[in-house]
Amino acid sequence: MQAPPERYGYVSALNPSGNDRPDALNVVDLDPASPTYGRNIHSLQMPYNGDELHHFGWNACSSALCPYAPHPHLERRYLILPALRTSRIYVVDTRPDPTRPHIVKIIEPEELMARSGYSRPHTVHCGPDAIYVSALGSANGGDGPGGIFLLDHFSFDVIGPWEIHRGSQELAYDFWWHLAEDVLMSSEWCRPEQFENGVVPEDLLANKYGHRLHFWDLRKRRLDQTVDIGPENQMLLELRPAHDPRKTHGFAGVVVSTVDLSASIWTWFRENGAWRMRKVITIPAVPASAADLPPILKAFEAVPPLVTDIDLSLDDRFLYVSCWGLGELHQYDVSDPVLPVLTGKVDVGGIVNKKPHAKRNGSLSGGPQMVEISRDGRRIYFTNSLYSAWDDQFYPSGMDGWMAKANADPDGGLELDPGFFIDFGETRVHQVRLEGGDASTDSFCYPS
């Protein structure tokens, strides 16, 4: 948190099917003293079309200093970019010039499937003993089970699947851990056929998307306990554990309730030797005229919040919640993890509101989606694209990609930065990674 502020951000950019252009990794200037501040200063084009780059991450982070698997010679240098649609993985080197990253390795889908047993790589986390990657589909591209596989820290070769004793787990999405407790948590989205061409309304209303959180023995790679938060709580996605290794709680975001279209945040904690979950935040849907809604929502005459990302500041004090449907970014004080307090909110975009930005004329499509917090907790960057097929369902009039920033008060409070807005045009943008590391990337074995 005391490190110098970030100078650059790396932003995954996708070009939807039919655009006939490959995805890219953009480099944006985040240094206010720079003449190109707030601009996209470089785009690294991928060699193939149709990848749909998703939740990429750094090869190394603070977990490399953990005492049971120390790798102090690793450096935070390479970005691992999974392609959710094609099942490729790109390894990108940010040295020697961080503004001109370049591809050094491509893991083709055939190799990934043969060595890991998985397809549809989704989320990357740097671990103490390897690079961990979640995957949503099985090796033949089928329905599952999804899970986690490992990449070698140095060669980036696929080591193999992580799980030894899977138990009842089938669906996959995000994963995280409490390293000092030897516990890994994994969440659930859906099978490839349920996301690849957009949300399947019949499956959603039948509660066929994920609603369980799994707790694993990290060393033994064995499922120990599963907590079901109720089938109506559809799409239990993003996980954010406390960064302090002395703490054993964390937060999970639920996209939508099939009872009332609300979204929710849940806290997990350990009680009497078992893991429990409690709903601590409910964000209600907002009534709206059917004429203002996309076809998928007209019958409900309401805008669901659609919580699609959450992020926790490094001091574990503030939780940021993106409400992609409403066009809102919320800030909660979670000093007491079971009694969060709303301390700030910004409005930009949204399905109905389409609230503009000071630097952009006209209404905005999309809303706060992927969120990344600076290490000192003062700057919150966010982008507006979820997944191309889902973008088209909820924002059918079209979506241009954009990135914005909010400034946070150290004591609570959030303000949209009127001077920072990057318009990417037809190219949609998703995950943001920051030079020097991110609040959503690093995990720690030491409390200070």
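What follows draws every value from the coordinates through simple rules; no lab data is involved. Note that the structure is predicted; figures quoted are calculated from it, not measured. Cβ coordinates were reconstructed from backbone atoms using ideal geometry, including for glycine residues, and neighbour counts include every protein chain displayed.
For the pair T99/K298, report the inter-label distance in nm, with labels modelled 7 Å from Cα in the Cβ direction.
Modelled inter-label distance: 4.9 nm.
Can you pull the one-decimal nm distance between simple spin-label points at L205 and E271, each 7 Å off the Cα toward Cβ?
According to this spin-label approximation, the distance is 3.5 nm.
In whole Hz, with x marking every Gly and Pro, tabulate ³J(HN,Hα) for the stretch 422-430 from phi via Karplus 6.51 cos²θ - 1.76 cosθ + 1.60, θ = phi - 60°.
Each residue of the stretch 422-430 in turn: 10, 9, 9, x, 5, 7, 8, 10, 10 Hz.
Sequence neighbours fewer than 8 away in the same chain don't count; with that in mind, list the lysines whose C-alpha is under 30 Å from K220.
Cross-link targets: K208, K247, K279.
Which of rounded, prolate or oblate describes the stretch 75-139 when judged by the alpha-carbon gyration tensor and an a/c cut-off of 1.5? It would help to have the intermediate numbers written out before the result.
Numbers: a/c = 2.43, a/b = 1.69, b/c = 1.44.
Prolate, because a/c is 1.5 or more and a/b exceeds b/c.
What list of ³J(HN,Hα) values in whole Hz, one per residue of the stretch 156-173 in order, does the Karplus curve 6.51 cos²θ - 1.76 cosθ + 1.60 (θ = phi - 60°) give from phi, with Gly and Pro shown as x?
Along the stretch 156-173, the couplings run 6, 6, 6, 7, x, x, 7, 5, 10, 10, 7, x, 8, 5, 10, 7, 9, 6 Hz.
Quick check of the Kirkwood formula: for the stretch 95-228, what is the inverse mean of 1/r over all pairs of different Cα atoms, in Å?
Values: mean 1/r = 0.0635 Å⁻¹.
So the Kirkwood estimate lands at 15.8 Å.
Among C61, C126, rank each residue by its count of other Cβ atoms within 10 Å, from fewest to most, as a rough exposure measure.
C61, C126
As a check on your grasp of the helix formula, calculate [θ] at 222 nm for the chain: sum -39500 (n - 2.57) over DSSP H runs of n ≥ 4, divide by the residue count, round to the nearest 500. Before the final figure, lay out each step's value.
Numbers: 3 runs with 20 residues, N = 448.
That comes out to -1000 deg cm²/dmol.
Report, please, the projected area of the stretch 191-234 averaged over directions, based on the convex hull of its C-alpha atoms, in nm².
Hull-based average projected area comes out at 3.8 nm².
State, as an integer percentage, the relative contact order of the stretch 72-217 based on alpha-carbon contacts under 8 Å between residues 6 or more apart.
Working: 311 pairs, mean separation 22.1, N = 146.
Answer for the stretch 72-217 is 15 percent.
Grab the Cα-Cα distance for H165 and N140, subtract it from 0.36 nm times how many residues apart they are, and report the gain in nm with one decimal.
On the way: separation 25, 0.36 × 25 = 9.00 nm, distance 2.09 nm.
Full extension of this stretch gives 6.9 nm more.
Restricting to Cα pairs below 8 Å that are 6+ residues apart, what does the relative contact order work out to for the chain? Please round to a whole percent.
Details: 1297 pairs, mean separation 56.9, N = 448.
Here the relative contact order equals 13 percent.
Suppose R0 equals 35 Å. What FRET efficiency, 1/(1 + (r/R0)^6) with r the Cβ-Cβ distance, do S34 and V341 give to the nearest 0.05?
Details: r = 36 Å, r/R0 = 1.03.
Computed FRET efficiency for S34 and V341 comes out at 0.45.
What is the set of long-range amide H partners of V183 at a cut-off below 5 Å, with H atoms built 1.01 Å from backbone N?
Under 5 Å from the amide H of V183: H178, L218.
Using Cα springs under 10 Å in a Gaussian network model of the chain, which residue among G419, G253, G144 shows the largest mean-square fluctuation?
G419
So which lysines can K359 reach, going by Cα to Cα under 29 Å and dropping same-chain residues fewer than 8 places off?
List returned: K345, K405.
Find the cysteines in the chain that fail to meet the 4.7 Å Cβ criterion with every other cysteine, and list them.
C190, C323
For the stretch 299-363, just the Cα atoms, rotate onto the principal axes and tell me the three extents in Å, largest first.
38, 34, 16
Considering the alpha-carbon set of the stretch 348-423 alone, what are its Rg and its Dmax in angstrom?
Expressed in Å, the Cα Rg and Dmax of the stretch 348-423 come to 12.9, 39.
Calculated FRET efficiency, Y446 and S289, Cβ-Cβ r, R0 35 Å, to nearest 0.05? Working shown, then result.
Numbers: r = 54 Å, r/R0 = 1.53.
With a Förster radius of 35 Å, E is 0.05.
Of P192, V91, H54, whose Cα points farthest to the positive end of the dipole of the chain (charges on the beta-carbon: +1 Lys, Arg; -1 Asp, Glu; origin at the Cα centre)?
With unit charges placed on the Cβ atoms, the residue in question is V91.
Checking a compactness column here: for the chain, what do you get for Rg(Cα) / (2.2 N^0.38 Å), N being the number of residues? Please list the in-between numbers first.
Details: Rg = 20.0 Å, N = 448, 2.2 N^0.38 = 22.4 Å.
Here the answer is 0.89, to two decimals.
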